[in-house]
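The values are calculated or read from the model by the stated rules, or taken from the named source; none is laboratory data. The structure presented is a predicted model; accordingly, all values stated were derived computationally and were not measured. Cβ: placed from backbone, ideal geometry, glycine included. Neighbour counts: every protein chain shown. Only protein heavy atoms, including side chains, enter the accessible area calculation; ligands, DNA and RNA are left aside. Shrake-Rupley method; radii C 1.70, N 1.55, O 1.52, S 1.80 Å.
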Amino acid sequence: MSYQNYSLKQLQQIDASHHLHPFTDHKELREAGSRIITHANGPYIYDSEGKELLDGMAGLWCVNVGYGRDELAEAAYRQMKELPYYNSFFKCSTPTPVLLSKRLAEIAPKGIGQVFYGSSGSEANDTALRLVRHYWALEGKPEKNRIISRKNAYHGSTIAGTSLGGMEAMHKQLGGAVPNIVHVMMPYAYELALPGESDHEFGLRAAKAVEDAILEAGADRVAAFIGEPIMGAGGVKIPPLSYWPEVERICRKYGVLLMLDEVITGYGRTGEWFGAQSFGVKPDTITTAKALTSGYQPLSALLVGDRIARVLVEKGGEFHHGYTYSGHPVACAVDLANIDIIEKEGLVERVKSDTGPYFAQALRERIAGHPLVGEVRSFGLMGAIEVVKDKATKERFAPSGSAAVTVRDHAIANGLMMRATGDTMILSPPLIWTRDIIDMACDRIVKALDLAAADLRH
Ligand code: PMP
C-alpha cells in the first residue's frame, strides 16, 4: 500500500483518528494536524508538501551518517533474507550480535568489553539500573542500591527511565517512581553559577553535590551515579571540564559505580567515539542507542565494564532480565554496516578537528551577538542557543518556553528543522554536515531570530 494515494489532509485525518504520538498534547495536535515527513536524503528531510528542510536534529539525535545510505538498507535486506530473527536466550546466539559485540568492545573505552542489547535507550537504562543493583547483591551488599542522578536529566520514558531522569513534568504523571533514586543539581553554569564563580569552580561545586548525596545516604547504601556526559534533552547542558573527572574521583573514593548515559553523545557526536573519552573518565557502564545504527534500526547496547562483568561470571546465578529483541540479528547487521561507514568516512575525527570547531566558531561569531541570544555553547556537533529578553540580566520572555517556540517555528518555515526545549534552542545535526552546510544553517538561524525578534516585540 502506498501513502502516495492519500492527500496530506487525509493522512493528517487518519493520524489524528488513530495515532497517539509520544510527548504530545493530543488536543493541540488534533487542532494543528501533524507534519508528515515522507522521505529524506543526505542531510535533508522532505514533507508531504515537497518542502525541503535541513535536518538540524539528525532525526532525534540519531541519524549520524545522514539519510539514504544504500549500505544500511542492503545490510538489513541481506540479513532479513538469511535470518530475520532468532533469540539469544537459552544459550543461543546469532552471528551479527556476536561480531558486533567484538566491534563495540574494540571502540569502547578500555576496560569495557561486554554488551547487553535492547531496542531503545529506555530499555538499556532499565537494564543498567537492574544490572548495577544485581552487581551489588552478588557482592553481598543488596542494601547498596541507591542511585544518584541529576535534576532535569533525561534517561528515557519507561518507569525506570523516568525514575532515573529528573524531569519534573514526567515525575508528576508517574504515580510512584522506582524507589531509592535521588537527584542532585545539574552542571549548568549559565543559570546556576554564583556571581564571580569561575567555570572551573562551578564544575567542582556541582560535583560536590554528588559527594554530599553519597554522604547523606552513607556510601554503603549508594550503588551508582548516572549522568549524560552532556545533558541532551534537558537543553544541551555542557559541564565545565572540571566536572566529570571530579565526579569520577568521588565515585571511586566512596566505592560507587559510575554509569554514563551516552544515548546521545555516543558514536562520534562529541568528536570521540564516546563522551567518556572527550571528558577523560572511565565509567562502569555506558548506555548507548540512537546513533548506534544511525536510527536505521531500533537497537540499544549497554556497554558493561570488566569489573561488573567479572562478578557476573565469577558468582554465577541467572540475571533474570532480557528482551525478545536483545541482539536482534537485523539491527546488529545494520549497526556493523553503520560503524563501517563512520570509520571509512572518518566522521569522528572530522567532528573533532574540522566541523566541531567550525560549528563552535560559527555559533560564536554569527549567533551569539544577536539581541535575543543570551549564550551559545557547543561541543562537537551538539549546540544550544539560549533565548532571552535581556542579554545582560538573562531575563526570559513570558510565558516560559514561548520565545524559543517562536524561533523554532520561524526556523522550520525557513528550511531548518531544529528543536526548542524550555527557553533553549538545540541543534544536533548529522555528522556528515560540512562547513558549507553549517554556514547555511547559521543563515537560517539568523533569519529565524530576526523574524522572532520582530514578533516578540509586538
Ligand atoms: N537517554 C538519553 C540521554 C536520551 O537522550 C534518550 C532519548 N532521547 C534516552 C535515554 C531514551 O532513549 P529511547 O527514546 O530510545 O528510549
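Just one of the listed residues (Glu262, Glu228) is among the acidic types (Asp, Glu), without any contact (Cβ under 8 Å) to a residue 60 or more places away in the chain and within 16 Å of the ligand (Cβ to nearest atom), and it is Glu262. Suppose the filter is within 16 Å of the ligand (Cβ to nearest atom), in contact (Cβ under 8 Å) with a residue 24 or more places away in the chain and open to solvent by 10 Å² or more (accessible area, probe 1.4 Å); does Lys151 pass it? Here the answer is yes, as Lys151 does meet what is asked. So, of the residues in the range 169-189 that are farther than 20 Å from Gly121 by Cα and within 16 Å of the ligand (Cβ to nearest atom), which turns out to be surrounded by the fewest Cβ atoms within 10 Å (Cβ to Cβ)? So, considering only residues that are farther than 20 Å from Gly121 by Cα and within 16 Å of the ligand (Cβ to nearest atom), the one surrounded by the fewest Cβ atoms within 10 Å (Cβ to Cβ) is Tyr188. Given the condition within 12 Å of the ligand (Cβ to nearest atom), part of a strand (DSSP E or B), buried (at least 22 other Cβ atoms within 10 Å of the Cβ) and modelled with pLDDT of 95 or more, answer yes or no: does some residue in the range 158-168 qualify? Looking through the range 158-168, none of the residues is within 12 Å of the ligand (Cβ to nearest atom), part of a strand (DSSP E or B), buried (at least 22 other Cβ atoms within 10 Å of the Cβ) and modelled with pLDDT of 95 or more. Restricting attention to the range 185-205, the residues that are out of contact with any strand residue (DSSP E or B) (no Cβ under 8 Å at 6 or more places or on another chain), among the hydrophobic types (A, V, I, L, M, F, W, C) and touching a residue at least 12 places away in the same chain (Cβ under 8 Å) add up to 4.
Only residues that are under 13 Å from Asp261 (Cα atoms), more than 16 Å from the ligand (Cβ to nearest atom) and either surrounded by fewer than 23 Cβ atoms within 10 Å (Cβ to Cβ) or not acidic (Asp, Glu) (or both) were counted across the range 283-330, and they come to 1.
Contact map, the range 244-258: residues that are on the phi > 0 side of the Ramachandran plot paired with residues that are at pLDDT 95 or above, Cβ distance under 8 Å, separation 6+ or inter-chain. Pairs shown: Gly255/Ala219.
Taking helices (runs of 4 or more DSSP H) as the structural unit, those lying wholly within the range 1-107 and holding at least 2 residues that are among the polar types (S, T, N, Q) correspond to 8-18, 95-107. Here the condition is being open to solvent by 30 Å² or more (accessible area, probe 1.4 Å), small (Gly, Ala, Ser) and over 21 Å from the mean Cα position of the chain (by Cα); of Ala398, Ala411, Ala333, it holds for Ala398 alone.
Examine the range 196-204 for a residue that is at pLDDT 95 or above, at negative phi, of a type in the set (Ser, Thr, Tyr) and open to solvent by less than 30 Å² (accessible area, probe 1.4 Å), and state whether such a residue exists. Scanning the range 196-204 turns up no residue that is at pLDDT 95 or above, at negative phi, of a type in the set (Ser, Thr, Tyr) and open to solvent by less than 30 Å² (accessible area, probe 1.4 Å). Being closer than 22 Å to Lys290 by Cβ and more than 16 Å from the ligand (Cβ to nearest atom) is the requirement here; does Thr96 meet it? Judged against the criteria, Thr96 is a match.
The set of residues in the range 425-458 being of a type in the set (Ser, Thr, Tyr) and open to solvent by less than 10 Å² (accessible area, probe 1.4 Å) consists of Ser428 alone.
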